[in-house]
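Colleague: Before I ask anything, here is the structure I am working with.
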């Protein structure tokens, strides 16, 4: 009934409803400008981060927008806002992830960036692609978080990437599963991320959002860079471990779930191919039978299976689009390998850091701006209120009562002169006054 009524609403009304829903989704799914809470939430236990902050809670906003597709389809302006906020978030979070040294914070900003990819899919109308990426993201991001927890377990709680290195020889199982997760998020051919992320890029291209498609490619390069950087700094290169640290592999009770998630990260994308593709799409789309643009899964996979099929759009073919997207991710990985597998000088990097690096290191100063705008303004308002209410009003009343009593007592004290004639004169004056009052009442 809600979806049926959406078409009868005025354009301004349905746009306002859609934007307000999306504002809530931005807070829930950590999109600009409401993203700052997610990296700080990663201070919690790693299994909690893997479940809540990677696979379930933060993706609720994405699913809500997908389920509310009828409202967003009725307002192209609202869908454009979803699309542009998504791409801005994907790029911003990828840039910040470039320079983070805390392994969990890299994954936190990676999550924010991937959520941006999902919203772009929804914004261009490829709802199935967006929700499919939500599912595959749950596989590889939960794997990466639990893998990071295994690394921390091996190093006694250490999270600083600059204090790791060469761990592939010491904890090979953890290294193998995290590499599997890294390949999936980069979009290596055959992995789950390859199928889901490429569908989002194809959706942007097929709907003629060429600028968005190009920016998604830039974000894909960024994904390849920050994920490969994490892998290289953690498991390869020269060891930078403290002499007191003795790495050890996690026990089977921790390693077995990593294996399951690694398998899903590698082959989970196969859920989108084969004879049951239509059923999967219907399940992913919820009440929606097809995408608002086209049956993205079906057409894309038909063209992958039958190279002689006609092109997906009037421009590049589906295999060409997939090749470009894959090359973008691998280019980012190659750049990270060039920078971080050649004995990179950390101190020299910090000394020669440019403005962009410093801005990314400080999270583009968004947190500082919020600190100034909200915390600073709140502190200033509290100081002003404390002065007016506490010092002027409350303390003023108490202090003025004391001053009044002191003034009154000083005035009364002057009557006590110590001279008997003064007291006699006062008694006489009082008697005259009383006598006058009595005579007045008698007459």
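The values are calculated or read from the model by the stated rules, or taken from the named source; none is laboratory data. Computed from a predicted structure; not experimentally measured. Every residue, glycine among them, receives a Cβ derived from its backbone with ideal geometry; neighbour counts consider all protein chains shown.
Colleague: So residue 158 passes all but one of these: (1) part of a helix (DSSP H, G or I); (2) closer than 30 Å to residue 245 by Cα. Which condition number does it fail?
Modeller: Status for residue 158: all satisfied but (1).
Colleague: Sticking with this structure for a sec: Being at pLDDT 90 or above, within 10 Å of the chain's Cα centre (by Cα), within 20 Å of residue 86 (Cβ to Cβ) and assigned by TED's automatic domain parsing to the domain that holds residue 81, is that true of even one residue in segment 16-23?
Modeller: No; the residues of segment 16-23 include none that is at pLDDT 90 or above, within 10 Å of the chain's Cα centre (by Cα), within 20 Å of residue 86 (Cβ to Cβ) and assigned by TED's automatic domain parsing to the domain that holds residue 81.
Colleague: Within segment 189-202, can one find any residue that is surrounded by fewer than 24 Cβ atoms within 10 Å (Cβ to Cβ) and farther than 17 Å from residue 331 by Cα?
Modeller: The answer is yes; a qualifying residue exists.
Colleague: Moving on. Residue check: is residue 125 in the same structural domain as residue 203 (by TED's automatic domain parsing), touching a helix residue (DSSP H, G or I) at 6+ places or on another chain (Cβ under 9 Å), part of a helix (DSSP H, G or I) and in contact (Cβ under 8 Å) with a residue 24 or more places away in the chain? Please lay out each step first, then the result.
Modeller: On the way: in the same structural domain as residue 203 (by TED's automatic domain parsing): yes; touching a helix residue (DSSP H, G or I) at 6+ places or on another chain (Cβ under 9 Å): yes; part of a helix (DSSP H, G or I): no; in contact (Cβ under 8 Å) with a residue 24 or more places away in the chain: yes.
It is false that residue 125 is in the same structural domain as residue 203 (by TED's automatic domain parsing), touching a helix residue (DSSP H, G or I) at 6+ places or on another chain (Cβ under 9 Å), part of a helix (DSSP H, G or I) and in contact (Cβ under 8 Å) with a residue 24 or more places away in the chain.
Colleague: Another one. Checking the condition buried (at least 24 other Cβ atoms within 10 Å of the Cβ) and either in contact (Cβ under 8 Å) with a residue 60 or more places away in the chain or assigned to a helix (DSSP H, G or I) (or both), which residue from 65, 81 passes?
Modeller: On the way: 81 fails: buried (at least 24 other Cβ atoms within 10 Å of the Cβ).
Testing whether each residue is buried (at least 24 other Cβ atoms within 10 Å of the Cβ) and either in contact (Cβ under 8 Å) with a residue 60 or more places away in the chain or assigned to a helix (DSSP H, G or I) (or both) leaves just 65.
Colleague: Return yes or no: is residue 88 in a helix (DSSP H, G or I) and modelled with pLDDT of 90 or more?
Modeller: Numbers: in a helix (DSSP H, G or I): yes; modelled with pLDDT of 90 or more: yes.
In short, yes.
Colleague: Looking at segment 68-78, which of its residues are assigned to a helix (DSSP H, G or I), touching a residue at least 60 places away in the same chain (Cβ under 8 Å) and touching a helix residue (DSSP H, G or I) at 6+ places or on another chain (Cβ under 7 Å)? So that I can check it myself, show each step before the final result.
Modeller: Step one: of segment 68-78, the residues assigned to a helix (DSSP H, G or I) are 69-73, 76-78.
Still in the running and touching a residue at least 60 places away in the same chain (Cβ under 8 Å): 69-71, 73, 77-78.
Residues satisfying the conditions are 69, 70, 71, 77, 78.
Colleague: Only one of 184, 204, 211 is at pLDDT 90 or above, part of a helix (DSSP H, G or I) and out of contact with any helix residue (DSSP H, G or I) (no Cβ under 8 Å at 6 or more places or on another chain); which?
Modeller: Numbers: 184 fails: out of contact with any helix residue (DSSP H, G or I) (no Cβ under 8 Å at 6 or more places or on another chain); 204 fails: out of contact with any helix residue (DSSP H, G or I) (no Cβ under 8 Å at 6 or more places or on another chain).
Testing whether each residue is at pLDDT 90 or above, part of a helix (DSSP H, G or I) and out of contact with any helix residue (DSSP H, G or I) (no Cβ under 8 Å at 6 or more places or on another chain) leaves just 211.
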